[in-house]
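Every read-out reported here was derived from the displayed coordinates using simple, explicitly stated rules and does not represent laboratory data. In this text the structure is predicted, and so the values were computed from the model without any measurement. Every residue, glycine as well, gets a Cβ built from its backbone with ideal geometry; the counts of neighbours run over all protein chains shown.
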Amino acid sequence: MKRFLVTAVFALACIQQAYSAGIIMNIYPEDGDVLATFSGSLDLTRFYDSGSVEYRPGDGSGGDSAANLYPKEPFIVFASSESTGDLTFITDFDSQVTVFGTSELVSASSFSGSTMFLYASDTSIETQQLGFDDADIDENNIVQVSGTAIFENNTISGLGLNPGTYEINDSDFAEGENFTLTITPEPATIALLGLGGAFIRKRRA
């Protein structure tokens, strides 16, 4: 039953990802681990037009692939070993991702995929930025990314993550696009929420 609940919730997230524009990130429990996956694309044209883009050249040295979450900041770092470090950041959002947990830092056991950053240039969430490897942005200003990080032998609560949906929205996004982070709770939590809802309905009946 527990496995069915997690599978059902994640299947709904995958359906949403398949039919929604933008970048969708999901963090969810699976077989004793926690997975963080992301994929999608964004049209950055309006950000270039409005001047809400910052380019930062790298030194070409590369580095190891890594994934880190900073729920209290809130920061997200996905770094690919194939990146040269040349990054483009978009900023000045109408709404930002809020704090999504209590931990200061959690590091993935492994990561493969595209480089993507969510961070603030100082301690204020209002300066939040999304960053991408220049190599993932095409001649039409479309960035496309995907990746998977695995936090082995861990749980959502053990990582100090708060289940819920967190979004970045802005008028410079193309129609129907945004950045969405969804954190799915453990099966026991889902089951308790379901039982609680059933009890409330029964009391009202």
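Going through segment 131-173 one residue at a time, which ones are among the β-branched types (Val, Ile, Thr) and in a strand (DSSP E or B)? Walk me through it before giving the result.
Here is the first cut: in segment 131-173, the ones among the β-branched types (Val, Ile, Thr) are 137, 142-143, 145, 148, 150, 155-156, 165, 168.
Within segment 131-173, ILE137, ILE142, VAL143, VAL145, THR148, ILE150, THR165, ILE168 qualify.
Taking the stated definitions as given, is PHE117 surrounded by 14 or more Cβ atoms within 10 Å (Cβ to Cβ), touching a Leu at 6+ places or on another chain (Cβ under 9 Å) and not acidic (Asp, Glu)? Lay out the reasoning, then the answer.
Numbers: surrounded by 14 or more Cβ atoms within 10 Å (Cβ to Cβ): yes; touching a Leu at 6+ places or on another chain (Cβ under 9 Å): yes; not acidic (Asp, Glu): yes.
Answer is yes for this residue.
Being without any contact (Cβ under 8 Å) to a residue 60 or more places away in the chain and either touching an Asp or Glu at 6+ places or on another chain (Cβ under 8 Å) or among the small types (Gly, Ala, Ser) (or both) is true for just one of SER121, SER146. Which residue is that?
Details: SER146 fails: without any contact (Cβ under 8 Å) to a residue 60 or more places away in the chain.
Just one listed residue meets the conditions, SER121.
Of all the residues that make up segment 42-74, how many are touching a strand residue (DSSP E or B) at 6+ places or on another chain (Cβ under 9 Å), surrounded by fewer than 17 Cβ atoms within 10 Å (Cβ to Cβ) and part of a loop (DSSP other than H, G, I, E, B)?
Selection size over segment 42-74: 5.
Are any residues in segment 75-107 in a loop (DSSP other than H, G, I, E, B), under 19 Å from PHE38 (Cα atoms), over 14 Å from the mean Cα position of the chain (by Cα) and in contact (Cβ under 8 Å) with a residue 60 or more places away in the chain, and if so, which ones?
Across segment 75-107, the qualifying residue is only SER80.
Taking segment 75-94 as the search range and keeping residues that are closer than 14 Å to MET116 by Cα and among the acidic types (Asp, Glu), which one is surrounded by the most Cβ atoms within 10 Å (Cβ to Cβ)?
Filtering segment 75-94 for residues that are closer than 14 Å to MET116 by Cα and among the acidic types (Asp, Glu), the one surrounded by the most Cβ atoms within 10 Å (Cβ to Cβ) comes out as ASP86.
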